[in-house]
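Notes follow the structure.
The values are calculated or read from the model by the stated rules, or taken from the named source; none is laboratory data. These numbers were taken from a predicted model, which means no experiment stands behind them. We place every Cβ from the backbone using ideal geometry, glycine too, and count neighbours over all the protein chains shown. For accessibility, only protein heavy atoms count, side chains too; no ligands or nucleic acids. Shrake-Rupley method; radii C 1.70, N 1.55, O 1.52, S 1.80 Å.
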Amino acid sequence: MLHISNRRLAAIVAVTALLAAGPVYLATAPATHAETATTPATTLAPMPTLAPLVETVTPAVVNIAVESKAPAEENPMMKDPFFRKFFNMPNQMPARPQMSAGSGVIVDAAQGYVLTNFHVVDHADDVTVTLKDRRKFKAKVVGSDPGTDIALLKIDADHLTALPFGDSDSLHVGDYVVAIGNPFALGQTVTAGIVSALGRSGLNIEGYEDFIQTDASINPGNSGGALVNLKGELVGINTAIVGPAGGNVGIGFAVPTSMAHLVMDQLAKYGTVHRGRLGIMVQDLTPNVAQAMKVGTNEGAIVSQVEPGSPADKAGIKAGDVVTELDKRPVHGASDLRNHIGLMSIGQDVEIGLVRDGAQKTVEAKVAKAPEKQEVAGETGASGETVAQLEGAQFRNIEPGMPEYGHSDGVLVSQVAEESPAARHGIRDGDVITAVNREKVRSIDDLKTDVGKAKGVITLNILRDGASVFLVIS
C-alpha cells in the first residue's frame, strides 16, 4: 500500500490548487550563491502558497460580537407565586446579558456595509464589529431576512477593505475555495477546500435554500464569514454545518452570492425583502413525469395551480405548463424557480420559457405580490363512490341542485380522508376533476376508465376555488 505523509499530501494539494489559480500565488525568494551551491536543485522550486490571496482578502472579513438580553436562570421555587410574595421578590427575574460571536464580510467600503447571517444578529441589542487591524465599531442592523438567513450591517469607519462579489453561478464541483471566519470565537481563521456540491436544499434550515456545499472547515462562529474563490472574490456567505458533535466533519454550507447580493440590495433599499410572486404553485418535474407529459427535458417545474388575477394568470400561464427557463436561465426544479422569483424585485419584468402540450412557448410576466388567498369552503361530508387508484377520496357526479351544476363539468370530490393516499397527493374536499391525463372527465365512469388505463403517471386537471390546479400522481 502506498503511504504518503500528511506533510507531503498537503504539499500535493497545495500545488494542485496553485496550478488552477495560476502563478500569481507563487511566493518566491531569490536564492543566494551559497544556497545555489549547497542546496539540491529540487528545493529551489517556488513554494506554492495561498498567502498572497489570504493577505489580500482577510482584511475584508470581520468578527462580530453580539449582546442580547436573556432571562436569568431561575430556581424552580422561584416559579411559586406564594414563595415570591412571602420573600417580597419581584414577579420576574431581571434579564442578564448573553454574548455570542459570529463573522461578517465587508462588501461596500464606502457605505460601510457588512454582510452576515440573520441568525448571528437575531434579537441583538448590541452588535460590535472587530476588523483584522483590531479596530472596533458599533454596528447598526440595516435589515435582515430570515428566509435566506442574510443580514446587512453598517459601520461608520474609514480605510475599509471590501471583497468584490464573484459569480457563484459559475462555480463547479471541484473548484477550490477558501473559508474565512471566527470559529469558536478564536479569532480570524482561514481554511481551504473544494466545492463539494451545488444547489443543496431540503436541509430544513431556512425558507429559500440553494446552498453551496464545501469541505473547507466551517465551525460554530464561522457563520456569516466569507467563502472565497482563488481569484479573491466572494462567492458565498458561510451559514451552516452538518456536525453531529457540534464541530466540523467536512460538510458545510454557504449561501451563494447570486442570492445574497439580491437580498443585500433590497435590505439596503427597504430594510427588508419584498418577495416577488408570480402567483403559481409548482412541483418538480421528474423523468417519469417528463416522459408521460412528452416534455423534452428532465429539468423544470410543473405548474400545479395558477391564482386568478395573478401575474402568471395575466401572462397566460396555465396549470399543467412546465416552466423550463427564467430570463433564458435554465430552471432546475420547483425550489430553483421559487428561489429566483422570490428574490426578484416587485414590478420587474421576467421572460418565462415553458412547455405546453409538447410545444415550447415564451411568455412575459411582471413580478408582483400575489393576491390574498381567500378560503372558500367546498362541499364536504357527502358520501360518494370510490376509485381504487385514488384511495381515500369519494366522488360524486355533478347533478342539478348542486352548487357546482352549470358552473363546472367534471366529477366532484365530496370527501377526502385525512392522511390517506389521496390527501397526500394533494386532492382536497370540493375539488372538481375535469380531466385525467388530458382526457376530459364528465362522470365517475369516465374517471374510473381514464384512471384505470393510465400507466405509471396520472395527471389530474382540477378546478379548486375558481382556480385551475394540476396534480401529478406517480
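Only a single item in (1) over 30 Å from Val323 (Cα atoms); (2) at pLDDT 85 or above; (3) assigned to a loop (DSSP other than H, G, I, E, B) is not met by Leu227, and it is number (3). Considering Gly225, Gly221, Gly181, the condition of being among the small types (Gly, Ala, Ser), closer than 16 Å to Ile64 by Cα, crowded, with 21+ Cβ neighbours inside 10 Å and touching a Pro at 6+ places or on another chain (Cβ under 8 Å) is satisfied by Gly221 alone.
Scanning segment 408-449 for residues that are touching a residue at least 40 places away in the same chain (Cβ under 8 Å) and of a type in the set (Ser, Thr, Tyr), we see that the one that is surrounded by the most Cβ atoms within 10 Å (Cβ to Cβ) is Ser408.
The single condition from (1) under 18 Å from the mean Cα position of the chain (by Cα); (2) crowded, with 21+ Cβ neighbours inside 10 Å that Arg277 fails is (2).
So that you can scan it fast, the table gives a plain yes or no per residue for (1) part of a helix (DSSP H, G or I); (2) at pLDDT 85 or above:
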| site | (1), (2) |
| --- | --- |
| Met402 | no, no |
| Asp429 | no, no |
| Thr434 | no, yes |
| Asp445 | yes, yes |
| Lys448 | yes, yes |
| Lys455 | no, no |
| Leu463 | no, no |
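Scanning segment 322-339 for residues that are part of a loop (DSSP other than H, G, I, E, B) and free of Cβ contacts under 8 Å to residues at least 40 places away in the same chain returns Asp327, Lys328, Val331.
Inclusion of Ile473 among residues that are hydrophobic (A, V, I, L, M, F, W, C), open to solvent by less than 70 Å² (accessible area, probe 1.4 Å), in contact with a strand residue (DSSP E or B) (Cβ under 7 Å, 6 or more places away or on another chain) and at pLDDT 85 or above is not warranted.
Kindly indicate whether Pro287 is open to solvent by 70 Å² or more (accessible area, probe 1.4 Å) and over 24 Å from Asp349 (Cα atoms). First the steps, then the outcome.
On the way: open to solvent by 70 Å² or more (accessible area, probe 1.4 Å): yes; over 24 Å from Asp349 (Cα atoms): yes.
Criteria met by Pro287.
Matching residues to (1) modelled with pLDDT of 80 or more; (2) assigned to a helix (DSSP H, G or I):
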residue: Asn288; (1), (2): no, yes
residue: Gly309; (1), (2): yes, no
residue: Asp313; (1), (2): yes, yes
residue: Ile341; (1), (2): yes, yes
residue: Ile346; (1), (2): yes, no
residue: Gln374; (1), (2): no, no
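A search for C-beta distances below 6 Å between a residue of segment 135-157 that is touching a residue at least 12 places away in the same chain (Cβ under 8 Å) and among the polar types (S, T, N, Q) and any residue that is surrounded by 18 or more Cβ atoms within 10 Å (Cβ to Cβ) and part of a loop (DSSP other than H, G, I, E, B), counting only pairs 6+ apart in sequence or on different chains, returns Thr148/Tyr208.
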